[in-house]
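*Asks:* Please see the structure below; I have some questions.
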Amino acid sequence: MNQNLYSRLSSHFPKDLSRTFIETADATLYSYSDLVAISGRIARLMSDLGVEKGDRVAVQVEKSPEAIFLYLACVRIGAIYLPLNTAYKESEVSYFLGDAEPKLVVCRPASETAITPIAKSAGVGQVLTLGQQVDGTLIEHSKDLDPEVGCIDSQADDVAAILYTSGTTGRSKGAMLSHRNLASNTETLHKLWGFQPNDVLLHALPIFHTHGLFVATNCVLLNGGKILFLNKFDADKMIELMPRATVMMGVPTFYTRLLTDVRFTAEVCSKMRLFISGSAPLLEETFGEFQARTGHTILERYGMTETNMNTSNPLDGERRAGTVGFPLPDVEVRVADDEGHILGANETGVLEVKGPNVFRGYWRMPEKTASEFRQDGFFITGDVAKIDERGYVHIVGRAKDLIISGGFNVYPKEIELCVDAIEGVGESAVIGLPHPDFGEAVMAVVTCKNSAALNAQGIIDAVKNDLANFKVPKRVVFLDELPRNSMGKVQKNVLRETYKDSFNA
Ligand code: AMP
């Protein structure tokens, strides 16, 4: 059997290919036969330009249905799809092109002048463009080509995509994801989350990241279902379209933003069967507020670029706030200490995972790859976690965010939960900063709810009763908003940089 991801997905396309795959915000419809034809023409163009199996195709474009078809076109010819965050600046793109050595780069029409010389100096043969209005040279040069392309034979371990990790510490690394990694995870999630052909997914996530590109898009493709496609999160549009949707996948900020809008009601969600959250921790408060407002219990799941999805709260059964649920049926997880000793229930350590979802390694970094796997094949995620007695996984934070103050380990999440529980606090981020006596000292960055008047000493006094002294923040600062990246993750590295001299001055 052909293990190519496209071949595995397309065997589930609807018999009637005239059924809608994508409906855009301005109500343009793309059927499954459009998907097959447009991706076929783009595949033909790339083959004509000499793109072959295993060649990388780097893509930095705005979200559009054509960008999805470009992804599928790459998969069909066995080229390695390499999407780049649209926020990356030219110097960053230059690093990625030099590292990945793609055969073809597809960029936004407005970036062509800037990207072309960068691509040339990285030895890239071709630069094409793709805009959001069905425009750009990719479309112009492919629109009259023969769409009959088929799908190349691939082995399960052939690389289908490279996604660069966000690289908040050190160089960004290219995670190689195979056809097996992507297909197995989609098949597992599709079943676990009960996808049906009549599901309609509200899609407002970016498509340069695993969440919007693979989890959301592939689950629908495996189903022959439909996507209501928004180019970005837009509360007005979400509320307008939601009465026609059955599933939404979002990052936690989608949920907090929807909750600030009084028009977002249970009525708006009347056809919805499932709200899924991931990519960053969902606050228990958001979970509770959402339940109270809509009657729906958000299903939180956990994954990362390197592993696709690893755990999920159940579709049927208790979805527990503050947890990311159970390991997926074909995924093994365990918590270990730094030396690799496996820890018991409720003990905190680093989460390790193994399964068909786990990536092939970092592009051209065999040593880095080897150092992140245990002898028995488990991948060391770098996330600090515990597994409770009922088997629910709790993510406590990133290992690199662990604070060691006066020789004691401090897990930021524990302090954040205490601070968040204080009346008037919106949310908090706890970081460790260099300190002359303690090595590192704990600092809390806090946002307030609208009218709350809080002060630093009030926060410190409030948490003192519940936390050992070494965990109590030595300093508290207030911000209007925590800095977040496009996936809703709090950028603790930005906070650490901003406040790095707080205790050394
Ligand atoms: P990325 O590779 O950009 O998808 O980031 C993966 C990281 O996001 C993981 O290693 C976790 O630190 C974090 N993450 C993803 N989902 C969750 C979640 N549900 N709760 C807490 N952290 C999460």
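The values are calculated or read from the model by the stated rules, or taken from the named source; none is laboratory data. From a predicted model like this one, the values you see are computed outputs, not experimental measurements. Using ideal geometry, Cβ is built from the backbone for each residue, glycine included, and neighbour counts are taken over all protein chains shown. To get the accessible areas, we keep the full protein, side chains included, count just its heavy atoms, and leave off ligands, DNA and RNA. Shrake-Rupley method; radii C 1.70, N 1.55, O 1.52, S 1.80 Å.
*Asks:* So, in the range 348-381, of the ones that are among the acidic types (Asp, Glu) and surrounded by fewer than 13 Cβ atoms within 10 Å (Cβ to Cβ), which residue ends up nearest to the chain's Cα centre (by Cα)?
*Replies:* Looking at the filtered set, the residue picked out is 367.
*Asks:* Has the range 146-164 got at least one residue that is more than 30 Å from residue 313 (Cα to Cα), open to solvent by less than 30 Å² (accessible area, probe 1.4 Å) and more than 14 Å from the ligand (Cβ to nearest atom)?
*Replies:* yes
*Asks:* Suppose we keep only residues that are open to solvent by 10 Å² or more (accessible area, probe 1.4 Å) and away from the ligand (no atom under 16 Å from the Cβ) within the range 473-488. Which one would you say is nearest to residue 278 (Cα to Cα)?
*Replies:* Among those residues, the one meeting the criterion is 481.
*Asks:* Filter the range 130-150 down to the residues that are under 27 Å from the mean Cα position of the chain (by Cα), in a loop (DSSP other than H, G, I, E, B) and among the hydrophobic types (A, V, I, L, M, F, W, C) and list them by number.
*Replies:* 130, 134
*Asks:* Being free of Cβ contacts under 8 Å to residues at least 24 places away in the same chain and either aliphatic (A, V, I, L, M) or open to solvent by less than 20 Å² (accessible area, probe 1.4 Å) (or both) is the filter here, so list the residues in the range 429-467 that pass it.
*Replies:* 456, 460
*Asks:* Across the range 365-401, which residue is nearest to the ligand (Cβ to nearest atom) among those that are within 19 Å of residue 279 (Cα to Cα) and among the hydroxyl-bearing types (Ser, Thr, Tyr)?
*Replies:* 381
*Asks:* Of all residues in the range 62-93, how many are of a type in the set (A, V, I, L, M) and either in contact with a Lys or Arg (Cβ under 9 Å, 6 or more places away or on another chain) or over 18 Å from residue 134 (Cα atoms) (or both)?
*Replies:* Qualifying residue count for the region: 9.
*Asks:* Something else now. Would you check if residue 352 is within 16 Å of the ligand (Cβ to nearest atom) and in a helix (DSSP H, G or I)?
*Replies:* no
*Asks:* Report whether or not residue 223 is away from the ligand (no atom under 16 Å from the Cβ), touching a His at 6+ places or on another chain (Cβ under 9 Å) and open to solvent by 10 Å² or more (accessible area, probe 1.4 Å).
*Replies:* Spelling it out, residue 223 is indeed away from the ligand (no atom under 16 Å from the Cβ), touching a His at 6+ places or on another chain (Cβ under 9 Å) and open to solvent by 10 Å² or more (accessible area, probe 1.4 Å).
*Asks:* Just a yes or no: is a residue in the range 192-209 more than 28 Å from residue 228 (Cα to Cα) and surrounded by fewer than 19 Cβ atoms within 10 Å (Cβ to Cβ)?
*Replies:* Checked against the condition, which is being more than 28 Å from residue 228 (Cα to Cα) and surrounded by fewer than 19 Cβ atoms within 10 Å (Cβ to Cβ), the range 192-209 yields no hits at all.
*Asks:* Filter the range 299-323 down to the residues that are of a type in the set (A, V, I, L, M) and either more than 9 Å from the ligand (Cβ to nearest atom) or in contact with a Pro (Cβ under 9 Å, 6 or more places away or on another chain) (or both) and list them by number.
*Replies:* Those that are of a type in the set (A, V, I, L, M) and either more than 9 Å from the ligand (Cβ to nearest atom) or in contact with a Pro (Cβ under 9 Å, 6 or more places away or on another chain) (or both): 299, 315, 321.
*Asks:* Hey, does the range 27-49 have a residue that's in a loop (DSSP other than H, G, I, E, B), free of Cβ contacts under 8 Å to residues at least 40 places away in the same chain and not acidic (Asp, Glu)?
*Replies:* yes
*Asks:* Also, quick follow-up: Out of the range 80-114, which residues are in contact (Cβ under 8 Å) with a residue 40 or more places away in the chain, surrounded by fewer than 19 Cβ atoms within 10 Å (Cβ to Cβ) and part of a loop (DSSP other than H, G, I, E, B)?
*Replies:* Within the range 80-114, 86, 87, 101, 108 qualify.
*Asks:* Can I ask one more? Taking into account only those residues within the range 281-293 that are modelled with pLDDT of 95 or more and either within 16 Å of the ligand (Cβ to nearest atom) or touching a strand residue (DSSP E or B) at 6+ places or on another chain (Cβ under 8 Å) (or both), which is most open to solvent (accessible area, probe 1.4 Å)?
*Replies:* 287
*Asks:* Looking at (1) more than 19 Å from residue 475 (Cβ to Cβ); (2) among the small types (Gly, Ala, Ser); (3) within 16 Å of the ligand (Cβ to nearest atom), which one does residue 407 not meet, given that it meets all the others?
*Replies:* For residue 407, the failing item is (3).
*Asks:* Another one. Which residue, of 30, 71, is on the phi < 0 side of the Ramachandran plot, at pLDDT 95 or above and open to solvent by less than 20 Å² (accessible area, probe 1.4 Å)?
*Replies:* 71
*Asks:* Still on this structure: Would it be correct to say that residue 384 is open to solvent by less than 60 Å² (accessible area, probe 1.4 Å) and assigned to a loop (DSSP other than H, G, I, E, B)?
*Replies:* no
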